[in-house]
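Reviewing the structure listed below.
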Amino acid sequence: MSSQRSSDSSIRTRHHPRLILVNETPPERDLIANALSVRAERRVTLSKPSRGSKRTLVDHAYTNAREALARRLAESGTQRRLLEGLTDALNLESPPERIEVYDNSHISGTNAVGGMIVAGSDGLMKSAYRKFNIKDQSLEPGDDYGMMQEVMTRRFQRAQREDPDRQSGNWPDLVLIDGGQGHLKAVCEVMAELAIDDIPIVAIAKGPDRDAGRERFFMQGKPSFMLKPNDPVLYFLQRLRDEAHRFAIGSHRTRRKMAIGESPLDEITGIGANRKKALLHHFGSARSVGAAGVADLEAVNGISGPMAKKIYDHFHSDG
């Protein structure tokens, strides 16, 4: 108990210094100081220095805070202008508060991952990013349309289940897809099945030879179009698409590394860490273990006759 009290006191001490310097004296200075003193279990003082090093310190902190606020306001202003420009370019009803951007990543269909990034009026919302490990075993390797449909189905079925009235702020006002007309069609089919018809969906197809600046945009019921190469809205959309691509690739690489760490030996009941280590040490690889005969397997420390037969059957059974 005393140790816990000491720890709590240490935390309070770190959070509440004895002296707090301010550039303006608040009207409730004494009340604030008393409240902090009670919390810290020691006297805390608020002071507005008028000269010397403490005044210099306060002035410096004030200048830094003012400049940081100005930068944030400028960035927010720029973001708002971009969202307004996006509204005009896509003929939206109002500037989107939440934009979701989707992309897939895989190598020949293996370890496929769908990525979703989110942007809003304050820029990228990284805490809202999501990855989707593709689970549908019936998909043909490399079926981008099918993978995108799985991602969208899972994303919006969950949204309908958890927030049917759209009160959480987690429903998008705009969906961007990295792809062309086929990707747009695939996504629109999912949304139609889910009876969601009020979220604008835009597919961004890379230009000829994948040239940035020559992207073509697709929206349901409208002819495809391009934006001027120097249009700030185009740069904004490119950044969103590239961020989704980066996130999807990163998620795919993580999944692939995890898969590489797996071994066929992990699928055999009774092969724990010690037996797996002994087999790999003796044969050098899981492939060599699979090629070994029963007698060779029995020669490994910790591998009994029945276990050797079980390992052999695992690698040689027709099923």
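Just so you know, all these numbers are worked out from the coordinates, no wet-lab data involved. Please read all numbers here as calculations on a predicted model, not as lab measurements. Note that each Cβ is placed from the backbone with ideal geometry, even for glycine, and that neighbours are counted across all protein chains shown.
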Simple spin-label estimate for S288/A192, 7 Å along Cα→Cβ, in nm, reads 5.7 nm
Please give the calculated 222 nm ellipticity per residue for the chain, where each DSSP H segment of at least 4 residues contributes -39500 (n - 2.57) and the sum is spread over every residue; nearest 500 deg cm²/dmol?
-16500 deg cm²/dmol
In order over region 152-158: 3J(HN,Hα) from phi, Karplus 6.51/-1.76/1.60, θ = phi - 60°, whole Hz, x for each Gly or Pro, gives 5, 4, 5, 4, 8, 5, 5
Taking every DSSP beta bridge that has both residues in the chain, what percent is antiparallel when rounded to the nearest 5?
65 percent
Here are several values of percent of Cα pairs over 39 Å apart: (i) 48; (ii) 39; (iii) 17. Which one was derived from the coordinates shown?
(i)
Can you compute the modelled spin-label distance between T78 and T45, with each label point 7 Å from Cα toward Cβ, in nm?
4.4 nm
Under 14 Å Cα-Cα from K276, which aspartates and glutamates qualify once same-chain neighbours fewer than 8 residues away are excluded?
E262, D266, E267, E298
Just to be sure I understand the model, the point goes 7 Å from the Cα along the line to the Cβ. What's the resulting N133 to S304 distance in nm?
3.3 nm
If neighbour count is taken as other Cβ atoms inside 10 Å, put V118, V113 in order from fewest to most.
V118, V113
Can you compute 3J(HN,Hα) from phi for each residue in region 32-47, using the Karplus curve 6.51 cos²θ - 1.76 cosθ + 1.60 with θ = phi - 60°, rounded to whole Hz and x for Gly and Pro?
5, 5, 5, 5, 5, 5, 5, 5, 7, 6, 6, 6, 10, 10, 9, 9
The long-range amide H neighbours of M125, using H built 1.01 Å from N in the peptide plane and a cut-off of under 5 Å, are V118, A119, G120
Listed by chain and number, the aspartates and glutamates with an alpha carbon less than 17 angstrom from that of K54, same-chain partners under 8 positions apart left out, are E24
Result: in region 93-260 the number of Lys pairs with C-alpha under 29 Å apart, spaced 8 or more or on different chains, is 17
Nearest-0.05 FRET efficiency for M226 and S94 at R0 = 22 Å, using Cβ-Cβ distance, is 0.40
Under the Karplus curve 6.51 cos²θ - 1.76 cosθ + 1.60, θ = phi - 60°, whole-Hz ³J(HN,Hα) for region 236-241, x wherever Gly or Pro sits
4, 5, 4, 5, 5, 4
